[in-house]
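*Asks:* Starting off with a structure, shown below.
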Amino acid sequence: MFGLAVRSLRHRTGGFVASFLSMFLGATVVMAFAALLDTAGGSGVDDVSEETLTTMALVVGGWGLVIVLFAVISTMTLSVRQRAGEMALLKSIGATPFQVGRMIVGEAAAVAVVAAALAILPAMGAGRLLLELLQNTDQVAEGISYGFGTAALSIGLGVTFLAAVSGAIVTARRATKQRAKEAMTAVTVEQARMSRKRVIAAIAFLAIGLNCAILTVALFDDKGIDAMQTAGQASIWFSIGLALFAPVLVRAVTAVLAGPLRLLGGISGYLAVENVRRRTQHMAGALMPIILFTGIATGTLYMQSIENAAPPAAGSSIPADEAQAIETLNFVVVGMLSVFAAILVINTLVAATTYRRREFGQQRLAGSTPPQVLSMVGMEGVVLAAAGVLFGSIGSIVTVFPYSLARTGELLPDTTIGIYVGIVSTAAVLTLASCLGAARKAIRVPAVQAVAV
Amino acid sequence: MPEHDITSAAEALRLVQVSKTYGTGDNPVRALDDVSLSLAAGTFTAIMGPSGSGKSTFLQCAAGLDQPTAGRVFIDGAELTGGSETALTKFRRQRIGFIFQQFNLLPTLTVLQNVTLPLRLAGKRADRKRAIAILERVGLGDRIGHRPAELSGGQQQRVAIARALVTNPSAIFADEPTGALDSRSARTVLSLLAEAVREFGQTVVMVTHDPVAASYADSVIFLADGRIAGSLDRPTAETVAERMTHLGDAVTLRPAVGE
Ligand SMILES: Nc1ncnc2c1ncn2[C@@H]1O[C@H](COP(=O)(O)OP(=O)(O)O)[C@@H](O)[C@H]1O
Ligand SMILES: [Mg+2]
């Protein structure tokens, strides 16, 4: 089966690009930060520098693991779902679920090894830049020399491999649970019910996020930057909770937008509404990264922006130099998250849209002009972007409002709206550009050929 | 049969010296070679020929799904001119209905929504009553709320027939409409097509390689190597099968004569 996995990889490189990219970037980031541990372990490192280096490495490494895990599950699920027919075929010729699962995990493991190996060189460079940045901003002593060794390699490779394999196991379990017949029809007839486990997890994440928000106000009022300990996490957990509810949210937003879309969008609006309704699961997959990106980026960046504008607080236990390290961390986490979210949004939408080539062909044969197809896809994108931005914004509130309250006594932050506009436009442009770009490409094939697959 | 009806006002389809060549490189394939014919409105014509003889190419060129390399195509007196896909689509959805081997219904729409789709796409009112009446006609009056995946192949093909009929097109083109069906469903589908011609005066052009399917038509036109190789009126399965065997001989002889 491992042989089959490698052969299967070679023949469908396209499907693995996104998985590879997230593993590669994840490995690079994690390894670069893990190199700070090697650096901290070097000779002649003072205590303050050592603590800064270690905290950075652990915080970013931890979030890196979560993000890469999420990215791998998401990209692998997609590539497996698109091969539902192939999986069904394998099963029908006698492959056991275990064998199919082993193939999926084998593929992920193979991609992870290559991705992590290729990440070593860029990670060495990135780690060095990171140290220089910390030294230039006086967060780490000048004399410390760069180290890249066992910690970087073992943590970098370990985290990537672990994330890839556990992501693949989750994917494989889902894929093999489907019966052969279901696998064939799952593509067209989707049921949009959420599993109990998922509902419970979603509620738990929302509760944790809310709890962090309450703690921020209750415990850290007037304690300055200390409040970031809970405020920063609040939007992350809350956004994850909302993202897990994506199928429900898609339906809710569709219900609200259905009327206007039909009225203003004509036949394309009508088709867009039907498609979104019948493909809740696909849409939810694309909605999740948009919510996470909007929620966490808005939350974190506004938290930092409020902090930068606020007067120093008497009750803070954190010295100024450490505050700067926290700022760097915030930007790194948001930067990392944005890149991953962008990969996921693009990958999910491009894959899902390209996969509809046949359906677009059928629609064209039924009398759709290319502009009608594109405007339908565009309106589906509008539903997605609207839902993602709306719920992402809600996710960010649990960070922004409590932090502002704790830090300035005002619920609404007195900072620029520019950051928000920037984040929202990025989310909207990413969504629409991915959908429309892929659809344009998909309808370049003559309709008769597009349906002949 | 070909070319004796050109002046008739009730002419549904006319091809004038249509050729189609695939590929431009070293070995271009001449899939259609100087084909001319005229079909009267209200007729049921089968196009037959061995695999690779150009049947699908003929259908695509005649129906405006593909552009011929040379020659002219008229549907209901209007010439199919080269243009953007949008222009061609608008031409097609006014005048042409399609039925494909693989049904090609939209998976996310219900049976009724699939049938009214061509009307909606053309910006017309979706005439539910008419659509339901046609669905009842094809025996699916009780399935209008189902999705294609919930129907058998034969039922899906009947939805496709209803969809083709709903716009009241000048011509319906069917490419191997029974190719994916069991013989029972195939008979139902063929009878429905024949009925559309007899009772509603529809014009149907059907590509097939099955002599039994062809026997439902009023006449058969044979294609070999991209050329018209004869025709047959009031066909029966036996006479068609007979002609097909001879066509096989003709095809094996052709390369010696070739271009
Ligand atoms: N898109 C294409 N590109 C190149 N050659 C083609 C293409 N479509 C059909 N052909 C060739 O044209 C000839 C006629 O094909 P087709 O019309 O599909 O025949 P039939 O439907 O009778 O089997 C065949 O030789 C086929 O290989
Ligand atoms: Mg054919």
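*Asks:* Name the residues whose placed amide hydrogens come within less than 5 Å of the amide hydrogen of B:F44, ignoring near sequence neighbours (fewer than 5 apart) on the same chain.
*Replies:* So B:F44 has HN proximity to B:V204, B:D218, B:S219.
*Asks:* Right, something else. With +1 on each Lys and Arg Cβ and -1 on each Asp and Glu Cβ, and nothing else charged, work out how big the dipole of the range B:4-253 is about its Cα centre, in Debye to the nearest 20.
*Replies:* Dipole of the range B:4-253, to the nearest 20 debye: 1140 debye.
*Asks:* Please compute the length gained on full extension between A:S166 and A:T150, using 0.36 nm multiplied by the number of residues separating them and subtracting their Cα-Cα distance. Intermediate results must be reported in sequence, preceding the final value.
*Replies:* Working: separation 16, 0.36 × 16 = 5.76 nm, distance 2.30 nm.
The A:S166-A:T150 span can extend by a further 3.5 nm.
*Asks:* Using alpha-carbon pairs under 8 Å, 6+ residues apart, how would you state the relative contact order of the range A:250-360 in percent?
*Replies:* Answer for the range A:250-360 is 31 percent.
*Asks:* Determine, for the protein assembly as shown, the count of lysine pairs separated by eight or more sequence positions (or lying on different chains) whose alpha-carbon distance falls under 13 Å. Provide the component values of the computation, followed by the final result.
*Replies:* Details: A:K91/A:K177; A:K91/A:K181; B:K20/B:K55; B:K90/B:K124.
Going through the protein assembly as shown pair by pair, I get 4.
*Asks:* Using the Cβ atoms and a cut-off under 13 Å, what net charge is assigned to the surroundings of A:G232, where Lys and Arg are +1 and Asp and Glu are -1?
*Replies:* In short, -2.
*Asks:* What distance in nm lies between label points placed 7 Å from Cα along the C-beta direction at A:R444 and A:S317?
*Replies:* Result: 5.9 nm between the two label points.
*Asks:* Something else: Given the protein assembly as shown reduced to its alpha-carbon atoms as identical point scatterers, what log10 I(q)/I(0) does the Debye formula return at q = 0.07, 0.11 Å⁻¹?
*Replies:* Taken in order of the listed q values, log10 I(q)/I(0) reads -0.61, -1.12.
*Asks:* In chain A, which helices (entire DSSP H runs) extend 20 Å or more along their own long axis, judged by Cα positions, while averaging at least -0.5 on the Kyte-Doolittle scale? Present the calculation step by step, with values, prior to reporting the outcome.
*Replies:* Details: long enough: A:13-40 (40 Å, 1.61); A:47-81 (50 Å, 1.27); A:97-136 (55 Å, 1.25); A:150-177 (39 Å, 1.07); A:196-219 (33 Å, 1.68); A:228-244 (24 Å, 0.92); A:246-278 (26 Å, 0.88); A:280-309 (42 Å, 0.67); A:320-354 (51 Å, 1.40); A:370-408 (53 Å, 1.18); A:418-442 (35 Å, 1.30).
Going by DSSP H runs, the hits are A:13-40, A:47-81, A:97-136, A:150-177, A:196-219, A:228-244, A:246-278, A:280-309, A:320-354, A:370-408, A:418-442.
*Asks:* Can you tell me, using C-alpha contacts under 8 Å and at least 6 residues apart, the relative contact order of the range B:4-253 as a whole percent?
*Replies:* 25 percent
*Asks:* Okay, moving on. Could you tell me the distance between the Cα centroids of the range A:58-85 and the range B:28-59, to the nearest Å?
*Replies:* Here the answer is 52 Å between Cα centres.
*Asks:* Could you list the square roots of 5 times each eigenvalue of the Cα gyration tensor of the range B:1-131, that is, the equivalent ellipsoid semi-axes, sorted largest first and rounded to whole Å?
*Replies:* That gives 28, 19, 15 Å for the three semi-axes.
*Asks:* What's the ranking of A:268-274, A:77-83 by average number of surrounding C-beta atoms within 10 Å, highest first?
*Replies:* A:268-274, A:77-83
*Asks:* Whole angstrom only: what separates the Cα centroid of the range B:63-116 from the Cα centroid of the range B:179-236?
*Replies:* Rounded to whole Å, the Cα centres lie 20 Å apart.
*Asks:* To continue, here is another question. In debye, nearest 20: dipole of the range B:58-139 around its Cα centre with unit charges on the Cβ of K, R (+) and D, E (-)?
*Replies:* With only Lys, Arg, Asp and Glu charged at Cβ, the dipole is about 420 debye.
*Asks:* Which value at 222 nm does chain B reach when only helices count, each DSSP H run of 4 or more adding -39,500 (n - 2.57), with the total divided by all residues and rounded to the nearest 500 deg cm²/dmol?
*Replies:* -11500 deg cm²/dmol
*Asks:* Label point 7 Å out from A:E410 along Cα-to-Cβ: which residues of the range A:192-234 have amide N under 17 Å?
*Replies:* Label zone hits: A:222.
*Asks:* With +1 on the Cβ of every Lys and Arg and -1 on the Cβ of every Asp and Glu, and nothing else charged, how large is the dipole of the protein assembly as shown about its Cα centre, in debye rounded to the nearest 20?
*Replies:* Roughly 2680 debye for the protein assembly as shown.
*Asks:* Next question. Which whole-number percent gives the relative contact order of chain A, counting Cα pairs below 8 Å spaced six or more residues apart?
*Replies:* 20 percent
*Asks:* A further question follows. Per residue of B:82-94, what is the mean number of Cβ atoms on other protein chains within 10 angstrom of that residue's Cβ?
*Replies:* That works out to 3 on average.
*Asks:* Additional query: If R₀ is 35 angstrom, what is the calculated FRET efficiency for the pair B:S191 and B:E242, using the beta carbon separation as r and rounding to 0.05?
*Replies:* On the way: r = 24 Å, r/R0 = 0.68.
It comes to 0.90.
*Asks:* Looking at the protein assembly as shown, what % of its DSSP beta bridges pair antiparallel, to the nearest 5? Working shown, then result.
*Replies:* Numbers: 20 of 37 bridges.
If I count the DSSP bridges inside the protein assembly as shown, around 55 percent turn out antiparallel.
*Asks:* For the ranges A:411-421, A:390-400, A:206-216, what's the packing order if you count other beta-carbon atoms within 10 Å of each residue, average per peptide, and put the highest first?
*Replies:* Put in order of decreasing packing, that is A:390-400, A:206-216, A:411-421.
*Asks:* Another question, then. What percentage of all Cα-Cα pairs in chain B are separated by more than 27 Å?
*Replies:* 36 percent
*Asks:* Of B:L32, B:L232, which has the most accessible area with a 1.4 Å probe, and how do the rest follow in descending order?
*Replies:* Correct descending sequence by accessible area is B:L232, B:L32.
*Asks:* Moving to a separate point now. At q = 0.12, 0.14 Å⁻¹, what is the base-10 log of I(q)/I(0) for the range A:191-453 according to the Debye formula with one equal point scatterer per Cα and no solvent? Please give it to two decimals.
*Replies:* Values returned for q = 0.12, 0.14 Å⁻¹ are -0.73, -0.91.
*Asks:* What whole number of Å gives the distance from the Cα centroid of the range A:199-264 to the Cα centroid of the range A:295-362?
*Replies:* Here the two parts' Cα centres lie 15 Å apart.
The values are calculated or read from the model by the stated rules, or taken from the named source; none is laboratory data. Note that the coordinates shown come from a computational prediction; the quantities given were computed from them, not determined experimentally. Cβ atoms come from the backbone with ideal geometry, glycine included; neighbour counts cover every protein chain shown. Accessible surface is based on the protein model in full, side chains and every heavy atom, while ligands, DNA and RNA are left aside. Shrake-Rupley method; radii C 1.70, N 1.55, O 1.52, S 1.80 Å.
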